[in-house]
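Asker: Below are the structure tokens for one structure; questions will follow.
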Amino acid sequence: MTVKPIDREKIEEMLLIEQSCFEDEAWTKAMLCEGLECPGAIYLGAFEGDRLVGYLALLVSLDFADIATVGVVPEFQRRGIGKALVETAVFYAARAKVGKIFLEVNEENLPAVSLYAKCGFKQEGVRKNYYDTRRFSSRDALIMAKTL
């Protein structure tokens, strides 16, 4: 498995991953395209051979970075792909000399919360009613951050 920056060429594959991971919460093609156009956007792809099996959207600003979304094809989950994507995002954020990297995660998404904790993220707060979701009973997001 390799992780490397990706661009618009992979938009259809990213969209399929979004839909398979997030169902009614999936980013649309327009949202993915808009994200790619943001100044400071770095999209990372995880590949098994030529197949895109996961991706992460990192948005870098002057003094912080934000992991906007992470998705791994369901049959490839729990194989270290999410961890590799997050660790690569942390590397890019550190290289950009930002002080902190943030993310939000549904408080009931325990596998993701555990992954982020293993990567050194700590809870800094809660965003009430952040999600419009059917996948979890809670709509609250944990705000997690890692100081670089």
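Asker: Collect the residues in the range 60-91 that are surrounded by fewer than 21 Cβ atoms within 10 Å (Cβ to Cβ), in a helix (DSSP H, G or I) and not polar (S, T, N, Q), keeping them in residue-number order. Please lay out each step first, then the result.
Answerer: Filtering the range 60-91 for residues surrounded by fewer than 21 Cβ atoms within 10 Å (Cβ to Cβ) gives 61-64, 66, 68, 73-80, 83-84, 87-88, 90-91.
Remaining after also requiring in a helix (DSSP H, G or I): 74-76, 83-84, 87-88, 90-91.
P74, E75, F76, K83, A84, E87, V90, F91 - these are the residues of the range 60-91 that are surrounded by fewer than 21 Cβ atoms within 10 Å (Cβ to Cβ), in a helix (DSSP H, G or I) and not polar (S, T, N, Q).
Asker: Do we have T69 as of a type in the set (S, T, N, Q) and at pLDDT below 95 here? Walk me through how you get there before you give the answer.
Answerer: Details: of a type in the set (S, T, N, Q): yes; at pLDDT below 95: yes.
The answer is yes for T69.
Asker: Residue by residue through the range 27-57, note down the ones that are without any contact (Cβ under 8 Å) to a residue 40 or more places away in the chain and in a strand (DSSP E or B).
Answerer: Matches in the range 27-57: A41, Y43, R51, G54, L56, A57.
Asker: Would you point out which residue out of A145, A96, A112 is in contact (Cβ under 8 Å) with a residue 24 or more places away in the chain and within 23 Å of Q19 (Cα to Cα)?
Answerer: Matching residue, one of A145, A96, A112: A112.
Asker: For the range 92-115, indicate whether the set of residues that are of a type in the set (S, T, Y) and modelled with pLDDT under 95 is non-empty. If you could, list the steps in order and put the result at the bottom.
Answerer: Going residue by residue through the range 92-115, those that are of a type in the set (S, T, Y) are 92, 114.
Remaining after also requiring modelled with pLDDT under 95: none.
Checked the range 92-115: no residue is of a type in the set (S, T, Y) and modelled with pLDDT under 95.
Asker: Quick check: anything in the range 109-116 surrounded by fewer than 14 Cβ atoms within 10 Å (Cβ to Cβ), touching an Asp or Glu at 6+ places or on another chain (Cβ under 9 Å) and over 28 Å from R8 (Cβ atoms)?
Answerer: Residues of the range 109-116 surrounded by fewer than 14 Cβ atoms within 10 Å (Cβ to Cβ): 110-111, 114.
Now narrow it down to the ones that are touching an Asp or Glu at 6+ places or on another chain (Cβ under 9 Å): none.
No: the range 109-116 contains no residue that is surrounded by fewer than 14 Cβ atoms within 10 Å (Cβ to Cβ), touching an Asp or Glu at 6+ places or on another chain (Cβ under 9 Å) and over 28 Å from R8 (Cβ atoms).
Asker: Looking only at the range 1-45, how many residues end up being more than 16 Å from the chain's Cα centre (by Cα) and small (G, A, S)?
Answerer: Matching residues across the range 1-45 total 1.
Asker: State which residue pairs qualify: first residue closer than 20 Å to Y131 by Cβ and inside the range 65-90, second residue basic (K, R) and not in a helix (DSSP H, G or I) in any location, beta carbons under 9 Å apart, and separation of 6 or more residues or different chains.
Answerer: These pairs meet every condition: V72/R78; V72/R79.
Asker: For I143, all conditions in the list (1) at pLDDT 95 or above; (2) touching an Asp or Glu at 6+ places or on another chain (Cβ under 8 Å); (3) closer than 27 Å to F47 by Cα hold save one; what is the number of the exception?
Answerer: Condition not satisfied by I143: (3).
Asker: Can you name the condition, by its number, that Q19 falls short on among (1) closer than 15 Å to V72 by Cα; (2) assigned to a loop (DSSP other than H, G, I, E, B); (3) without any contact (Cβ under 8 Å) to a residue 12 or more places away in the chain?
Answerer: (2)
Asker: Right, something else. Please determine, by comparing only the residues of the range 17-49 that are of a type in the set (A, V, I, L, M) and modelled with pLDDT of 95 or more, which one is nearest to Y92 (Cα to Cα). Walk me through how you get there before you give the answer.
Answerer: Applying the first criterion (of a type in the set (A, V, I, L, M)) to the range 17-49 yields 17, 26, 30-32, 36, 41-42, 44, 46.
If we keep only those that are modelled with pLDDT of 95 or more too, we end up with 17, 41-42, 44, 46.
Details: I17: 22, A41: 11, I42: 8, L44: 10, A46: 15 Å.
Among those residues, the one meeting the criterion is I42.
The values are calculated or read from the model by the stated rules, or taken from the named source; none is laboratory data. Keep in mind it's a predicted model, so treat the numbers as computed, not measured. With ideal geometry, Cβ positions are generated from the backbone for all residues, glycine too; neighbour counts draw on all protein chains shown.
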